[in-house]
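Taken together, the values in this text are just the output of simple stated rules run on the coordinates, not laboratory data. Everything quoted here is computed from the prediction, not taken from an experiment. Heads up, the Cβs are rebuilt from the backbone with ideal geometry, glycines too, and the neighbour counts pull from every protein chain shown.
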Amino acid sequence: MTRAGRRAGTAQTQRESPEGTVVQPADGVVAADPNSGEAWTERSRIVLTPVAAPSILGLFGFAGATFMVASLLAGWWGGAMAPGLAEATIAPFALFFGGLAQFLAGMWSYRARDGLATAMHGTWGSFWLAYGLIVLLTAGGVLPPSVLESTAFGYWFIVLAVVTIFGAIASLFESLGLFTVLSLLAAAGAAAFYVAVAFMLAETSKGRTILPLGKYKADQNIPGRQATEAIGYPAGMPGSKVGQ
């Protein structure tokens, strides 16, 4: 279909094409219809601010803080340390590298329009900030050291596990490498929650095994079984050592 028209003093015709309506001036120069997507593409400008991949810093921060805490729990730091020294050593590292650096990586991921990285680094960065703070408070005597072994602290990992599980699912659209990282994190959070609940049930059931923990003594892994010792002090009497 063709019709004559006037636009800005120039005769134009319109013709239908698979790409949409194209405005064709009388002089033969084809111009895009101002209402079509092509016209907006030609007139639009996108200004990009160069941003490095924030996850480089975020993942290093998480890996570094996790390694430091794991090495402490594994006893790799050598002999006995003065009370509070280990906590005072690890808290600043967890606060700034695992916490602040990773949280900032999450905010820069927001700037880079990466929703997945924003959620993951923001969540785990906040966790490490909170963890470092609570360790400092226990080292300074403001809170009892037992707070880090409490069931309430174990419930932190419920939130972390749920958020990370959904992040792992979303990462399937990104890469298998990222999916592996987040899947392991979600598994760690779920495992921590399982162990915390197992400890709580064992304590409230007077030492009975409710959720097996895979202990080296076979009778301690049978649900409902109460482990027995030749001589034991289940109430934690003076001189006895109550452990896990």
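For q values of 0.09, 0.11, 0.16 Å⁻¹, compute log₁₀ I(q)/I(0) with the Debye formula on a Cα-only model of the range 54-221, without solvent. So the normalised log intensities are -0.35, -0.52, -1.02.
If packing is taken as the mean number of other Cβ atoms within 10 Å per residue, what is the order of 177-186, 77-86, highest first?
By packing density, highest mean first, the sequence is 177-186, 77-86.
Taking all Cα-Cα distances within the range 125-206, those exceeding 18 Å account for 53%.
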